[in-house]
1. Could you compute how much accessible surface Glu97 exposes when probed at 1.4 Å, giving the result in Å² to the nearest 10?
2. Under a plain spin-label model, where a point goes 7 Å from the Cα along Cα-to-Cβ, how far apart in nm are Lys136 and Glu210?
3. Which ³J(HN,Hα) values in Hz, rounded to whole numbers, follow from the phi angles of the stretch 120-137 under the Karplus curve 6.51 cos²θ - 1.76 cosθ + 1.60, where θ = phi - 60° and Gly and Pro get x?
4. Using only the Cα atoms of the stretch 56-108, each taken as one equal point scatterer with no solvent, compute I(q) by the Debye sum, divide by I(0), and report log10 of the ratio at q = 0.19, 0.29 Å⁻¹.
5. Please work out the FRET efficiency for the pair Glu171 and Gln64, using the Cβ-Cβ distance as r and a Förster radius of 35 Å; give the result to the nearest 0.05.
6. Which value, in Å², gives the accessible area per residue of the chain when a 1.4 Å probe is used on the protein heavy atoms?
7. Can you list residues from other chains, or at least 5 along the same chain, whose modelled amide H is less than 5 Å from the amide H of Ala122?
8. Tell me the angle of helix 3-21 to the major Cα principal axis of the chain, expressed in degrees between 0 and 90 and rounded to the nearest ten.
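The values are calculated or read from the model by the stated rules, or taken from the named source; none is laboratory data. This is a predicted model, so every value here is computed, not measured. All Cβ positions, glycine included, derive from the backbone under ideal geometry; neighbour counts span all protein chains shown. With ligands, DNA and RNA removed, areas are computed over all heavy atoms of the protein, side chains included. Shrake-Rupley method; radii C 1.70, N 1.55, O 1.52, S 1.80 Å.
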Amino acid sequence: MDNMEIEKITRIILESLAKKESGTGYMVPIGVSARHIHLTQADVETLFGKGYQLTKKKELMGGQFASNELVTIVGLKLRAIENVRILGPVRKASQVEISATDAIKLGIKAPIRESGKIEGSAPIAVVGPCGVLYLKEGCIIASRHIHMSPSDAQSAGVKNGDIVSVKVENERATTFNNVLIRVDPTFTLEMHIDTDEANAAKISTGMKAEIIKNA
């Protein structure tokens, strides 16, 4: 093996180590998340009747599912969006996740939040076939995030709660900053962005993104 070959191999190894060390180069599939709602069992019964149980339309990651049930959400000045899907199973607190464009249409000021952090978020009304629910807080724009299993996180060199930047290489080559890492054994590897982000960057579900650095 001559010096040129040794130099080439050494350069490849060093580049690989540097890439691993900086937490870059890990590819993640993208899922575009449309507006949806999570409900408590009590709120399900308010909207659909006493004893009502959500019915499953499609399995999602982490034991969640898209239900067959749809509702209407209503903001200020009675501005409404129909056919908002409920995700199951039921939760301890009800939460509505919308895009910034939805918030403008509804006439509300929904904050950008991690799912589950609804304290002080926007109020909203939810209309079902059997009743109306008024949430004093609970409407958010979900912050962009990546779901990972522990083994995925180890491979990517990140941990739960980390904030990273992610690059998408397409005709609108976009870098997303402030992307939250969420790690759980039930998660399937996927980055979630909302419809506004996807439309602006010409991204569709199934495209790949690259973790390029830890913020």
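1. My reading of the accessible area for Glu97 is about 20 Å².
2. Output for this residue pair reads 4.9 nm.
3. Along the stretch 120-137, the couplings run x, 7, 6, x, 7, 9, 10, 10, x, x, 10, x, 10, 10, 10, 9, 5, 8 Hz.
4. Summing over Cα pairs of the stretch 56-108 leads to -0.73, -1.12.
5. Efficiency at R0 = 35 Å is approximately 0.60.
6. 55 Å²
7. Here Gly138, Cys139 satisfy the definition.
8. Between helix and principal axis, roughly 20 degrees.
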